[in-house]
Amino acid sequence: MNKIVASAILAAGMSMGLAGSAAFSADLKIALIYSKSGPLEAYANQTETGLKFGFEYLTGGTMTLDGRKIVILPKDDQGKPDVAKSLLERAYMDDNVDLAIGTTSSGATLAMLPVAEAAKKLLIVAPAVADSITGDKWNRYIFRTARNSTQDALAGAVALGKGDVSIGMLAQDYAFGRDGVAAFKAALAEAHSDAKVVFEEYAPFATTDFTASAQRLFDALKDRPGRKIIAIIWAGPSPLAEIANFKPEHYGIALSAGGNILPVMKQYRSFPGMEGAIYYYYGFPKNAMNDWLVTEHQKRFNMPPDFFTCGGMAAASAVVTAVKKAGGTDTEKLIAAMEGMEFDTPKGRMVFRKDDHQALQSMYVFKVKSGGKDEWDLLDLVREITISELPVPIRNKR
């Protein structure tokens, strides 16, 4: 009798285990690889917040998609390429995620691209920017909702490339910085601008002393005719204030920095009238998704959403739109659905280009306000640069 009871209990347990396994496997599992620790922590946190906001908004708060619970598996790569690669391998193989999103660092993202190809599973790149991700290092399993360096550069050329301008570039000495400078130079050429990059200065990622860099930039620019600008491409805390401390205005040199996260851009208040280009600023887009994001973020965090919060929400929108269009998470069906796919984001419509899976999107030219109604009221919109005005070249080998 005890054996019969024991057998019944075992059978019931196995049945419950199988049911639990089936329920677990029915979850829509998404790995979020991000640099939660390290110098890009703020970017990573915003991406995660935006991703969660996006799924909440797009599922009406249910966090389910086609009857499947959306489960986000966050994994901290510490900004290290080898760690990012290992985490993605384990996410695909051990966690059996349906797809992955990430990562924050361009260098770490480049290390992950071959992993997605080997696993034959999707990697949606956000927020890494280096051109090579959807350029010569790209493969068909990679889609990017983040902008790339060329989109930044083309927008920057619109903002700065007017008239006879000599530009000195200050950038970080890794993929993001070098790709950004190369893209900016190409963008000026593409725009047939009279502006030209006359000097390039690269500094280590975590540089804090810019004395030597500033002097080299000043020496290269000070005797040039026309307008002279030091343009800064930098991830993390901007060296704008440090360069300004060396008084470039004594040489007739102006400063320019592109968009960044709000805490960094607060220092822009010291440079009223400075113009640049930006991927997103909460006050610029006018659409229902952005209105919801601004309202909810202000309510929950007592501040408006930031640069990469928008980016995380855009990635969520790409996932939801793709899964609905593909009728599930089969990788080949997702790829077919996503090539040429349009999807809504807080900054408006994006579209994945079929040739390289780069999301084409608008950018914005801003001018720093001389004052604002609160600490986050920093920028005036000069104009939106539409997709049609951003001729992003195709650089992959497809």
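The values are calculated or read from the model by the stated rules, or taken from the named source; none is laboratory data. All figures in this text were calculated on a predicted structure; none of them were measured in a lab. Neighbour counts are summed over all protein chains in view; Cβ atoms, including those assigned to glycine, are modelled from backbone coordinates with ideal geometry.
Any idea which of (1) more than 16 Å from the chain's Cα centre (by Cα); (2) within 19 Å of Thr309 (Cβ to Cβ) is the one Gly50 doesn't satisfy?
(1) is the only condition that Gly50 fails.
Of all residues in the stretch 125-142, which are surrounded by fewer than 24 Cβ atoms within 10 Å (Cβ to Cβ) and out of contact with any Asp or Glu (no Cβ under 7 Å at 6 or more places or on another chain)?
Gly135, Asp136, Lys137, Arg140, Ile142
Quick check on my filter: what residues within the stretch 340-390 are at pLDDT below 95 and either among the polar types (S, T, N, Q) or closer than 18 Å to Asp136 by Cα (or both)?
Matches in the stretch 340-390: Ser370, Ser388.
Anything in the stretch 363-375 that is closer than 18 Å to Gly258 by Cβ and assigned to a loop (DSSP other than H, G, I, E, B)? List them, or say none.
Taking the stretch 363-375 as the starting set, the residues that turn out to be closer than 18 Å to Gly258 by Cβ are 363-369.
Residue satisfying the conditions is Lys369 alone.
What residue, among those in the stretch 96-124 that are among the β-branched types (Val, Ile, Thr) and either more than 17 Å from Gly180 (Cα to Cα) or at pLDDT below 95 (or both), is surrounded by the most Cβ atoms within 10 Å (Cβ to Cβ)?
Out of the qualifying residues, it is Thr103.
Can you tell me which of (1) on the phi > 0 side of the Ramachandran plot; (2) of a type outside the set (Asp, Glu); (3) touching a Phe, Trp or Tyr at 6+ places or on another chain (Cβ under 7 Å) is the one Asn302 doesn't meet?
Against the list (1) on the phi > 0 side of the Ramachandran plot; (2) of a type outside the set (Asp, Glu); (3) touching a Phe, Trp or Tyr at 6+ places or on another chain (Cβ under 7 Å), Asn302 comes up short only on (3).
For the stretch 295-306, state whether one or more residues are in the same structural domain as Leu51 (by TED's automatic domain parsing) and within 22 Å of Trp234 (Cα to Cα). Steps first, please.
Let us first name the residues in the stretch 295-306 that are in the same structural domain as Leu51 (by TED's automatic domain parsing), namely 295-306.
Within this subset, residues satisfying the condition of being within 22 Å of Trp234 (Cα to Cα) are 305-306.
So far as the stretch 295-306 goes, yes, one or more of its residues are in the same structural domain as Leu51 (by TED's automatic domain parsing) and within 22 Å of Trp234 (Cα to Cα).
Restricted to the stretch 285-300, and to residues that are surrounded by fewer than 18 Cβ atoms within 10 Å (Cβ to Cβ) and in contact (Cβ under 8 Å) with a residue 60 or more places away in the chain, which residue is farthest from Gly60 (Cα to Cα)?
Asn287
Under 7 Å by Cβ, and 6 or more places apart or on different chains, what pairs join a residue from the stretch 80-99 that is within 16 Å of Asp27 (Cα to Cα) with one that is buried (at least 18 other Cβ atoms within 10 Å of the Cβ) and of a type in the set (Gly, Ala, Ser)?
Ala91/Ala31; Ala91/Ala100; Tyr92/Ala119; Asp95/Ala31; Val97/Ala31; Val97/Ala91
As an exercise: evaluate Phe352 against (1) in the same structural domain as Ile101 (by TED's automatic domain parsing); (2) more than 16 Å from Phe53 (Cα to Cα); (3) surrounded by fewer than 21 Cβ atoms within 10 Å (Cβ to Cβ) and give the number of the one condition it does not meet.
Failed condition: (3).
Checking the condition in contact (Cβ under 8 Å) with a residue 60 or more places away in the chain and β-branched (Val, Ile, Thr), which residue from Thr321, Thr331 passes?
On the way: Thr321 fails: in contact (Cβ under 8 Å) with a residue 60 or more places away in the chain.
Step by step, each of Thr321, Thr331 is checked, and only Thr331 is in contact (Cβ under 8 Å) with a residue 60 or more places away in the chain and β-branched (Val, Ile, Thr).
Give Leu40, Leu51, Leu58 a once-over and let me know the one that is aliphatic (A, V, I, L, M), closer than 30 Å to Ala175 by Cβ and in contact with a Ser or Thr (Cβ under 7 Å, 6 or more places away or on another chain).
Leu40
Where residues in the stretch 251-276 are among the hydrophobic types (A, V, I, L, M, F, W, C), in contact (Cβ under 8 Å) with a residue 60 or more places away in the chain and within 15 Å of Ala235 (Cα to Cα), which of them is surrounded by the most Cβ atoms within 10 Å (Cβ to Cβ)?
Filtering first and then ranking leaves Met265.
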